[in-house]
Amino acid sequence: MRFWHFWLNSFIVSSQYNPPRFVELLMLMLAIAMLGMATILPESPPYLVLGLSLVVGASISILVREAIAPSPQSKITQFTALLLLLISLYGFADLLQTF
């Protein structure tokens with residue numbers, strides 16, 4: 001029980017310390033869950049579309065945040081966000097070709 005209490009308190013403190021990064025983390029966690037569901041249920045494209053949309057939104061948010069207030073590891077963060085953005089746009093293009 002202490003582990004969960006410590007985890008919950010850490011979660012609350014991190015959300016108060018840096019809200020944009022918290023929202024981006026939440027969006028990416030939901031995207032992972034949606035893309036996992038799309039893998040398990042390949043007949044239902046709404047999970048895939050929602051997961052890719054969340055990745056695009058989080059990537060753009062990360063790029064804007066890094067442009068406004070660069071962090072010490074901004075190059076790595078920008079590269080990762082661009083990579084995620086390109087992969088998700090490729091996923092959208094592939095999804096459009098199937099229809």
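The values are calculated or read from the model by the stated rules, or taken from the named source; none is laboratory data. Being a predicted model, the structure only gives us computed values, none of them experimental. Every residue, glycine among them, receives a Cβ derived from its backbone with ideal geometry; neighbour counts consider all protein chains shown. Heads up: the accessible areas ignore ligands, DNA and RNA and are worked out on the full protein's heavy atoms, side chains in. Shrake-Rupley method; radii C 1.70, N 1.55, O 1.52, S 1.80 Å.
A few remarks follow.
- Some residue of the range 34-46 being among the charged types (D, E, K, R) and either part of a helix (DSSP H, G or I) or modelled with pLDDT of 95 or more (or both): no
- In the range 54-95, the residues that are open to solvent by 80 Å² or more (accessible area, probe 1.4 Å), over 22 Å from PRO19 (Cα atoms) and touching a residue at least 12 places away in the same chain (Cβ under 8 Å): ILE87, LEU89
- In the range 16-33, residue nearest to ILE87 (Cα to Cα) [restricted to those that are more than 13 Å from the chain's Cα centre (by Cα) and part of a helix (DSSP H, G or I)]: PRO19
- The range 41-72, residues that are closer than 13 Å to LEU85 by Cβ and of a type in the set (Gly, Ala, Ser): SER53, GLY57, ALA58, SER59, SER61
- Residue among GLY51, GLY36 that is buried (at least 18 other Cβ atoms within 10 Å of the Cβ), free of Cβ contacts under 8 Å to residues at least 60 places away in the same chain and not β-branched (Val, Ile, Thr): GLY51
- Among residues of the range 1-30 that are closer than 29 Å to TYR47 by Cα, those with a Cβ under 7 angstrom from a residue that is assigned to a helix (DSSP H, G or I) and among the aromatic types (Phe, Trp, Tyr), sequence gap 6+ or separate chain, pair up as SER14/PHE22; SER15/PHE22.
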